[in-house]
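Everything below concerns the one structure shown next.
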Amino acid sequence: MTAIITPEAVREAALDAGRALGLPEPVTEAYVRLLRPCLHLCPYGELPEELRKEDARPAARVAGPARLPEGVQVPRYVPHVLTVDCAALPTGVLDIAFPADGHLVVLADITDQDHGWVFHVPAGTETVERRPAERDALASVAPFPLYAVPGVTAPRYVDSAEVPEAAAYIEGNAERAGLLDELSEKMESLVSVPWGHGIQLGGWSPAWHDPLEDRGDILLVAVPEGAVSGGDCITYVSGTPEEIAECRYDGIAFSVEC
């Protein structure tokens with residue numbers, strides 16, 4: 001199975017691709033700087049070989065009952081989508097702030113609703129079990145563990161006019177613009193991995209339409225419906241840079257792409 005990709009390996013491969021295209025190295029470097037790290041959450045069977053160990057620690061759980069502090073008010077029909085064990089995540093990977101301990105709990109309708117709830121439950125907090133209600137769309141989904149894999153993400157679209165090195169290189173030359181499009185496509189292929197189609201923490205959002213970054217938000221977590229219960233929608237949970245940096249989730253945004 002494909003090995004874990006590292007930012008260093010992607011950078012070297014991207015620089016090689018830029019040289020093959022005849023691009024000036026500073027231009028390629030400018031595109032490489034756009035890459036962002038992430039964590040992929042996937043089932044054990046999809047893990048790269050080097051992470052398949054008997055003592056592998058799950059980093060998250062999908063569906064099933066959620067554990068929340070008593071008194072937390074969330075409509076009973078809203079499904080528990082994901083609980084992340086923050087202390088089980090690899091450290092020093094993400095470029096966004098993420099709680100170092102406790103659990104991050106995500107409750108949302110991941111089919112066609114653009115609202116939900118995110119709670120950080122600090123370690124040692126007394127909690128009660130919140131069992132799925134009959135109207136819960138995930139009530140029939142058996143809970144299952146997920147494991148964290150470090151990854152790298154590339155933006156879906158790069159506006160060369162916003163990259164000074166690229167803008168100076170193109171200067172209205174359509175052929176050169178085409179070379180940069182080829183570089184972008186190559187970088188997307190470099191960061192693509194078999195386990196990268198599931199739940200994603202941090203990094204660039206994989207949205208094709210109306211990327212949340214265009215409105216100034218940062219991705220916290222992306223939840224493809226197919227990674228939870230089957231379906232084609234993806235739920236993006238995002239916040240402003242300030243909200244994410246301060247781990248404030250009361251105003252977090254939910255958007256759905258189908």
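One table, with the values for the structure above:
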read-out	value
Rounded FRET efficiency, nearest 0.05, which uses the C-beta distance separating GLU8 from GLU54 and R0 of 22 Å	0.15
Kyte-Doolittle mean at least -0.5 and Cα axial length at least 20 Å: DSSP H helices in the chain	7-21, 174-191
Radius of gyration and Dmax over the Cα atoms of segment 183-258, both given in Å	13.0, 39
Highest average packing first - 47-59, 98-110, Cβ atoms within 10 Å	98-110, 47-59
Local electrostatic count, PRO26, Cβ distance below 13 Å [Lys/Arg +1, Asp/Glu -1]	-1
Mean residue ellipticity (222 nm) of the chain, computed from DSSP H runs ≥ 4 via -39,500 (n - 2.57), nearest 500	-6000 deg cm²/dmol
Estimated dipole of segment 1-79 in Debye, rounded to 20 [Cβ of Lys and Arg +1, of Asp and Glu -1, Cα centre]	440
The chain: translational diffusion in µm²/s, Stokes-Einstein, Kirkwood Rh over Cα pairs, 10 °C, 1.306 mPa s	82
Sites ARG67 and HIS197 - FRET efficiency at Förster radius 35 Å, r taken between beta-carbons, to 0.05	0.80
Burial ranking of peptide ranges 204-217, 143-156 (average Cβ count within 10 Å, highest at the top)	143-156, 204-217
Alpha-carbon radius of gyration plus Dmax, which is the widest Cα pair, for segment 18-137 in Å	19.2, 61
Backbone HN-Hα couplings from phi across segment 207-224 [Karplus 6.51/-1.76/1.60, Hz, Gly and Pro as x]	5, 8, 10, 6, x, 4, 5, 5, 9, x, 8, 10, 6, 8, 8, 10, 10, x
Calculated P(r) tail over 14 Å for segment 85-167, as whole % of Cα pairs	78
Cα gyration tensor shape for segment 178-220, rounded if a/c is under 1.5, else prolate or oblate	oblate
For the chain, accessible area per residue (1.4 Å probe, heavy atoms of protein chains only), Å²	49
Size of charge dipole - segment 1-155 - debye, nearest 20, with Cβ of Lys, Arg +1 and Asp, Glu -1, no other charges	180
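The values are calculated or read from the model by the stated rules, or taken from the named source; none is laboratory data. Everything numeric here is computed off the predicted structure, so don't read it as measured data. Cβ coordinates were reconstructed from backbone atoms using ideal geometry, including for glycine residues, and neighbour counts include every protein chain displayed. We work out accessible area using only protein heavy atoms, side chains counted, and drop any ligands, DNA or RNA first. Shrake-Rupley method; radii C 1.70, N 1.55, O 1.52, S 1.80 Å.
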